[in-house]
Ligand SMILES: *Cc1c(COP(=O)(O)O)cnc(C)c1O
């Protein structure tokens, strides 16, 4: 079944709820939903913001708290594998992003890791002034870059461009930006609002031709679609642990540094956990070999245990099947929304081609925030992004085709029924 089979033209009958049920019954990923503890009456379309709770997480955390911490006490740093947890969980994330196991670790938050990697990248490009970012990219990414430039004593400057303009600028086609002045490009693989998918391999190649490095933010792509960092020759990447990776609220982030850069990279918060020999308590900082030098302080072992269970929900999942289902879910949603909600002034803010989208879409409507609140009252969880976007995420491991059908029908209902007055 190709995604086009969901394309709905005026003469086609809309897929019924029963048709969606037959698709769910034939879904090669249908067994994965049982790995999650989802409330029965809720249609959860916000796994791109906070992944659902894996069933294994609560018992694993209980065991870790009561046994490893409670009984094992400090010996658990070695006996329970706490010391290796960042590298171990990183290695489990690696296949989801096309990295080698020793190229990924887990640390801090995405924001902090962006700072660490951007600073490290800039140190590798000392003579170049510009950091290119994307207009409308996730705020933290832009804030961190702006502050790096602000503290650089004038040596660095951030320019925010439309993502579609980046390729031309990197190819030297801009009259205002010299390609040889670009040190670093920082870009989300998938746009957090519209789901637009940027060309990871193409932009990486163009940046390298210009002599620049690229830091990819994979927050909305890790676990949502296959990513091939090695195949793309990527330099650096970060991403969220609590979105599609299901690591729980505030889960630590993951960090990727290509093997070929690991020798030279120096991060700005070189603390004892990234020291070559933490328990030597040496006088001076000496970075560890390999990816471990990206660590700073003591990691949250409880959070790492939860993230490990989140990542384990992908065990045995074929990422090609994940991608295929994600595209079908998204297309079904957009087609049904166009047919059922279009008359109420709802339009799509996402690329029409499923190949150009990640695993979420955005609909535009002036009443977005209130509609999302009313959907929540009706058991459909999505989210709103100002000024007028409703965002719907399709985590392929647990979202079903019937969920899409039900969500669109309830959105239609919310649009068709005037909001209740407050005093009713
Ligand atoms: C969710 C998200 C973040 C979150 O950063 P935190 O430091 O975890 O709060 C950063 N960047 C992008 C693109 C995101 O989507």
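Here, each number is a calculation from the coordinates, and none is a lab measurement. Everything numeric here is computed off the predicted structure, so don't read it as measured data. Every residue, glycine as well, gets a Cβ built from its backbone with ideal geometry; the counts of neighbours run over all protein chains shown.
What list do you get for 218, 161 if you sort them by fewest beta carbons within 10 Å?
Fewest-to-most Cβ neighbours within 10 Å comes out as 161, 218.
Computed over region 239-373, the range of Cα coordinates on each principal axis works out to 69, 33, 28 Å, biggest value leading. What is region 1-110 by shape, rounded, prolate or oblate, if you read a ≥ b ≥ c off the alpha carbon gyration tensor as root eigenvalues and call it rounded for a/c under 1.5, prolate for a/b larger than b/c, and oblate otherwise? It comes out prolate by the Cα gyration axes. Taking all C-alpha pairs of region 19-68, those more than 16 Å from each other amount to 58 percent.
Per Stokes-Einstein, at 10 °C and 1.306 mPa s, what whole-number D in µm² s⁻¹ belongs to region 326-424, with the Kirkwood radius over Cα pairs as the hydrodynamic radius?
Here the translational diffusion coefficient equals 117 µm²/s.
Site pair residue 58 and residue 152 shows an inter-label distance of 4.9 nm when each label is modelled 7 Å from Cα along Cα→Cβ. Multiplying the residue separation of residue 100 and residue 123 by 0.36 nm and removing their Cα-Cα distance gives an extension gain of 5.9 nm. Stretched out straight at 0.36 nm per residue, the stretch from residue 376 to residue 259 would grow longer than its current Cα-Cα span by 37.6 nm. Relative contact order of the chain: 23 percent, from C-alpha pairs under 8 Å at least 6 residues apart in sequence.
Going from the fewest other Cβ atoms within 10 Å to the most, the residues 243, 325, 40 appear in the order 40, 325, 243. Let me make sure I get this right: for the chain, a, b and c are the square roots of the gyration tensor eigenvalues over alpha carbons, sorted descending. Under 1.5 in a/c it's rounded, otherwise prolate if a/b > b/c, else oblate. Which is it? Because a/c hits 1.5 or more and a/b fails to exceed b/c, the chain counts as oblate.
The antiparallel fraction among DSSP beta bridges confined to the chain stands at about 55%.
If the segment from residue 24 to residue 402 were pulled out straight at 0.36 nm per residue, it would be longer than the present Cα-Cα gap by 135.3 nm.
Once both labels are positioned 7 Å from their Cα atoms along Cα-to-Cβ, the gap between residue 14 and residue 164 label points is 3.0 nm. So for the pair residue 40, residue 282, with labels modelled 7 Å out along Cα→Cβ, what separation do we get in nm? Using points 7 Å along Cα→Cβ, the separation is 6.0 nm. The calculated FRET efficiency for the pair residue 228 and residue 385, based on their C-beta separation and a Förster distance of 35 Å, comes to about 0.80. Ordered by the number of other Cβ atoms lying within 10 Å of each residue's own Cβ, fewest first, 409, 370 fall into the sequence 370, 409.
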